[in-house]
1. P(r) for region B:184-338: what percent of alpha-carbon pairs falls in each 10 Å bin, starting at zero?
2. Mind sorting A:SER70, B:SER66, A:SER50, B:SER512 by how few other Cβ atoms lie within 10 Å of their own Cβ, fewest first?
3. Residues of B:379-391, mean number of Cβ from any other protein chain within 10 Å of their own Cβ, rounded to a whole number?
4. From the C-alpha coordinates alone, can you work out the Kirkwood hydrodynamic radius of region B:3-132, in Å?
5. Show which lysines lie in cross-link reach of B:LYS235 when reach means a straight Cα distance below 16 angstrom and same-chain residues fewer than eight apart are skipped.
6. Taking the Cα centre as origin and putting +1 on Lys and Arg beta-carbons and -1 on Asp and Glu beta-carbons, what dipole magnitude results for region B:437-478, to the nearest 20 debye?
7. Using only C-alpha atoms and all pairs of different ones, pull out the Kirkwood radius for region B:483-631 in Å with one decimal.
8. Wrap a convex hull around the Cα atoms of chain B, take a quarter of its surface area, and give that in square nanometres.
Amino acid sequence: MPKLLLVDDEALVRRSMQKTLLRKGFVVETASNCTEGLATFEASHNTAASFDMALLDLNMPNFDGVPAHSAGLDLLTKLRDIAPELIAIVLTAYDEVDTAKDAVQRGAHSYFVKGREQGLVDLINEILG
Amino acid sequence: MTETDIKSLPKILYIEDTDDSRLLVRRLLSRDYVFLEASNPIDGINLALDTEPDLILLDINLPDLSGREVATRLKKSLPNTPMVALTADITGTAREKALVAGCVGFMTKPIDIDTFRDEIEAYLNGKREVLEKPEHHLKAYHQELVEHLEKKVHELTKMADHNKFLDQQNKHVIADMQRHQRLLQAAATVGHNITSILDLDELLQTTVDIICKEYEFYYAGIFLLDSEKKWAVLKAGYGEAGDKMVANDHRLALDGESMIGGAIRKGEGEISADVGDEEKHFKNPYLPNTRSEMALPLRAKGDKLGALTVQSEKVNAFSTADISALQGMADQLAVAIRNAHLLKDLEAANQELLRTKTFEAIATATGEAIHWVGNKAAPIPGSAERVREDLLNFFAIFKTLLYLPPEERDSHPYAAVANEAFSLLPDLDIDLATNIEALNKLPADNLPLIVDIESTLEDLGIVKQSAETILNIKEDLIGPGRISKADAFDIPLLFSTTIAGMGLPKGVVTSSYPDDLPQVWADKRQIGRVLINLIKNAWEALGKADHAKIHVSARPADEAGYIRVEIRDNGPGIPPEILEKIWVSFFTTKGEQGGTGLGLSACMEIITQSGGRIWAKSKVGEGAAFIILLPTEKE
C-alpha cells in the first residue's frame, strides 16, 4: 500500500483527510507543521517503510514555527533535498496560481484546492497510476 | 492829451456788425472823439443807455433788429441824442425810412474819408435833416415793423415746436435709458442667480420669469437638448402656458423646421419680426397672442445645449439692445447649464465609483468569510460519509450476530469485535447502561421512533448536502482568483465557441462584431465564464421562452484602449431597486430555482481583475443590457 505523509496545521481538516485516505487503503502518517513533517519523513527515510508521496499544506507554521504563506514550499524543498524522486502534492486553500506554479517549479507534481476529499483521492490515484 | 481832455471830448457810439467798417470809422474818429462801438443791436442799445453818447452812428442792416428799429427804440430813452444812419442801402426810400424811424441824418457807404469827419462834426454841432410829409413814410415804416414782428413770432413758434420735438426726443432717450438700466439689472439678477441657484430647473424658471417681467415680453421659454441630441425639450416656460407646456413634455425636433431647431443647429439667433408674414410659422395654441418672436441659441465652449425663446404680442418688438442683452444673458445661462451638466456627470461618475468600490469591498469581505467557513466545512461531507459507512457496518454486525444460533454467537469474530468496542466505551466516558435504562422505560410503541435508521440516514444526508453547498459557494467565490493566464485573444472566436457550447435553442443568441475588432488582453477561460454566466442569467430572466432574444456584440469603446462588449436581452428588465443589488454576493432573484447569488459578483471580480469594468443598464419592460469594457493591452 502506498504510504503518504500528510502535513497540515488544521487538526480537523488533517484528521478528516487522513481518515478518508485510510479507508481508501492508503497508509497515512500526519504532521502539523514543517519541523514535525520533516522529522516524520526522515524517521522512515531509506527504510522499507519510506514514504511514497507527500501531501503538503502551503499555509502553515514554517520551520521557525511562524505561520507563513509558502511554508509548504520550504518543507517541499527540504524533502526534495533528501529524496529527489519524492512525489508531492501541494494543498492550498485558495486557488493561487502563482504559488501553485512556484510549487511545480520546486518539484511538486500537482496542487489541490482543499475541499472535496474525494477529489484528492482521485488525484492521488491518477498520479500513482 | 490829459485825462481832463479825454473826458471833455464828445462821445460817439458806432453800432455796426461788419468788422472792417468799424475798423475804418474807428481810425477816422478815435483821435478826436471818445469812440465807442458795438457789433450787434442789443449790445449797442445797452451801451447807448449806459454811456449816453453825444452822437450815435447806426448801420441799418443789422442782425435781429434793423438800425431803424434801434433808432426808434433809443429815441424814446435818449430823445436828445442825435442818431445818424450810416448805410450802404441807397434804395429809393432808405433815407426817408431812416429819418421816420428817428434818425436825424443819413450818410451812405462807402465813406468819403475827406469829408466824413466834417459831416460828423456838423451833426455834433446841431445839423438836423428834416423830412417832408413824414406821415406817408411813417405808415410804410409801421408796416415794415409789423411784418418784422410777424416774422419773429413765426420764427419763435417754429423754435418752440422744435423745442417740443427735442423735449419729446429727450423723453424717449430717457425712457430707453431707463429700460436699458432695468435690462442691465435683469441681466445682473440672472447673473447673480446663476451663481446662487444650484438647482438647474429653478434657475431656468427664474430666468424666464425675469425676462418676461423686466422686458415686458409676452412669453419666454428655455429648451434643452435631450441626451440623444434629437429633441429640444421645454424645461421652463413663463406663466400658466409655460407650466402646461412643460407638464405636457413640449418638445421640438432638432432637425425640424421650428425656429428653436434652426437656432440650435446654426448656433445663431433667429428672429421673426412679424409671425403673421410667415406661412410656416407654427401657431402654438397655448400662445395665441404671439406676434413676433426670437430664438437664441444656448451654447458654451462649442457645445449646443438648447435655445431660449422670447415672444411678444407686438410686431417688431425686439430692439438691437434687447437682442444683444438677451443673447448675453443666454450665453451666461449656457455656461451655467454646461456647468450643471458637468457637475451631474461628475456626481454620477463619483457615485459609480463609490458603488464599484463598495461592491469590491463587499465581494472581498464576503469572499474572505466564505473562504473561512468553507475551510471549516471541508471535512464535514467526508465525516458524514464515514459515519454512514460505520453505521451500516454496525448494522451488518448487529444483524449477523442477531440471526446466529446462541451457541455459535460467542465464537464468531464479530462478537469479539463488538465486545472489544463495548469494553472501550467506559474509556470514552460513555455509559451504555444509562441508555439501556432510558429505553426500557419507554412504551414499546415508541421504540421505533427512537431507533429509526431511515431518519438517521436522512439526517446524515442533510449534514453532507449542506456542507457540500457551502463548498460549492466557496468554489464559486475563489474561482475568480484563478485569473492569471492573461493573453491576447479574439472576442468573436471565443464568444462563438462558448455560445455554441451552451446548447441553447437556435436563434436565441445572436451576435455581431466588426471585422477589424482588436484583440483583448484577459484570461480567456474566465471571460468565457463571465459570458456563460450573463447569457444564462438572461435566458433565465426570459423564462426560457421561444421569443427570447439575447444579442451579444462588441466594438471598440469610446474610452481609448478598451473593447466594449454588450449582452442585451428582450426580457422583463431589472427594476431600479434590484439593479442596485445585483452585484452583491448572495443576492439572488431566482428564489427556489437555485442559484447562490454569486454569479454576478464573481463576474464583477473577474472583470475588475482583468483591468476592465462591468455595469448594467435596464428599464422595466425594455430588457436589460450588461456592458463590459476589456483592455486591449496588457496593463
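1. Spelled out per bin, shortest first, that is 12, 46, 37, 6, 0.
2. On the way: A:SER70 18, B:SER66 23, A:SER50 14, B:SER512 11.
Least crowded to most crowded, the residues run B:SER512, A:SER50, A:SER70, B:SER66.
3. On the way: counts 13, 2, 6, 13, 6, 0, 5, 5, 0, 0, 1, 1, 0.
Whole-number average of other-chain Cβ neighbours for B:379-391 is 4.
4. Working: mean 1/r = 0.0688 Å⁻¹.
For region B:3-132, inverting the mean 1/r across all distinct Cα pairs yields 14.5 Å.
5. Cross-link targets: B:LYS244, B:LYS304.
6. Working: 3 positive and 9 negative charges, 25 e Å.
In total the dipole reaches around 120 debye.
7. Working: mean 1/r = 0.0641 Å⁻¹.
One decimal place: 15.6 Å for the Kirkwood radius.
8. Working: hull surface 279.1 nm².
So the mean shadow area of the Cα hull is 69.8 nm².
Readers should treat all values here as calculations from the given coordinates under stated rules, not as data from a laboratory. Small disclaimer: the values here were computed from a predicted structure and weren't measured. Please note: Cβ atoms are built from the backbone with ideal geometry, for glycine as well, and neighbour counts cover all protein chains shown.
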